[in-house]
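I have placed the structure first, in the form of structure tokens, so that the comments after it can refer back to it.
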Amino acid sequence: MKITQNIELADWELTESFTRSSGPGGQNVNKVSTAVELRFEAERSPHLPAPVKARLKRIAGRKWTLDGALIIRAEETRSQARNREIARDRLKEMILKALEKPKRRVATRPTLGSQKRRLAAKANRGQIKAMRGRVRDDE
């Protein structure tokens, strides 16, 4: 399975199993195994670098198993072939997302003018709240 020009997954890394799908389908749902469970051995894959595997694990969440495999289940359509395509597309999207390096955050400081405006607004608001007290008769 080709992901990018540099990354291509071998056949041994992907395992597909087919089960009966839940949901609508009439009598067909009880007879035909249309749901696809795609298992990708991500941890053992020699084609993905370590940082990409780490990001993929974070992206996958609960789909990541304890033995380092990524499991994707597709049962949207009544067609087994279409569900296979959907599962493979999802895997490809996840890997492409993991290939993107996150942008490093550059720490910034608020400007002096914005700090002064914030403190002035706080002081003004405090004066308004102080005026809400009980009205006393000083006469």
Residue 132 being out of contact with any strand residue (DSSP E or B) (no Cβ under 9 Å at 6 or more places or on another chain), at pLDDT 95 or above and either surrounded by 10 or more Cβ atoms within 10 Å (Cβ to Cβ) or among the charged types (D, E, K, R) (or both): no
Of all residues making up region 23-48, the number that are exposed (fewer than 11 other Cβ atoms within 10 Å of the Cβ) and at pLDDT 85 or above: 1
Filter pass, residue 75 being in contact (Cβ under 8 Å) with a residue 24 or more places away in the chain, over 12 Å from residue 16 (Cα atoms) and crowded, with 16+ Cβ neighbours inside 10 Å: yes
Qualifying residue in region 33-43 (condition: of a type outside the set (A, V, I, L, M, F, W, C), on the phi < 0 side of the Ramachandran plot and more than 22 Å from the chain's Cα centre (by Cα)): yes
Residue match in region 123-136 (condition: in contact with a helix residue (DSSP H, G or I) (Cβ under 8 Å, 6 or more places away or on another chain) and part of a loop (DSSP other than H, G, I, E, B)): no
One residue from 73, 78, 55, 82 being touching a strand residue (DSSP E or B) at 6+ places or on another chain (Cβ under 6 Å) and either under 25 Å from residue 14 (Cα atoms) or at pLDDT below 90 (or both): 73
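The values are calculated or read from the model by the stated rules, or taken from the named source; none is laboratory data. Keep in mind it's a predicted model, so treat the numbers as computed, not measured. Every residue, glycine among them, receives a Cβ derived from its backbone with ideal geometry; neighbour counts consider all protein chains shown.
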